[in-house]
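FYI, it's all coordinate maths here, none of it is from the lab. Since we're looking at a predicted model, the values are computed, not measured.
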């Protein structure tokens, strides 16, 4: 999918549920509410702004807070696997309605 189409899709979404990927950053930039699932890398490093429209889910292990895992590993990270579907649904329910910006250009009033 071309990037412009992807950006339009994310911009028009009620919300996105996404892993810690470029789509999460795109949703943040566009103001689209998001639930972002974190695994090997702590949200404090690459997470969205700490505002209500972005919910972060992460379950670090005992010593995981200081050590990032392998974001490019061949197996899913245990921290990501500890996130449940119920947690995701709860996070989605907490999201506010998206704020829509007017399409540009906005017509100027006729004088």
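Net length available on complete extension from residue 21 to residue 90 is 22.7 nm, with 0.36 nm assigned per residue and the Cα-Cα distance removed. Full extension of the segment from residue 1 to residue 97, taken as 0.36 nm per residue of separation minus the current Cα-Cα distance, would add 31.9 nm. Extension gain, residue 75-residue 44: 0.36 nm per intervening residue step, less the Cα-Cα distance, totals 8.9 nm. Every Cα-Cα pair in segment 3-94 was counted, and those over 23 Å apart are 24% of them.
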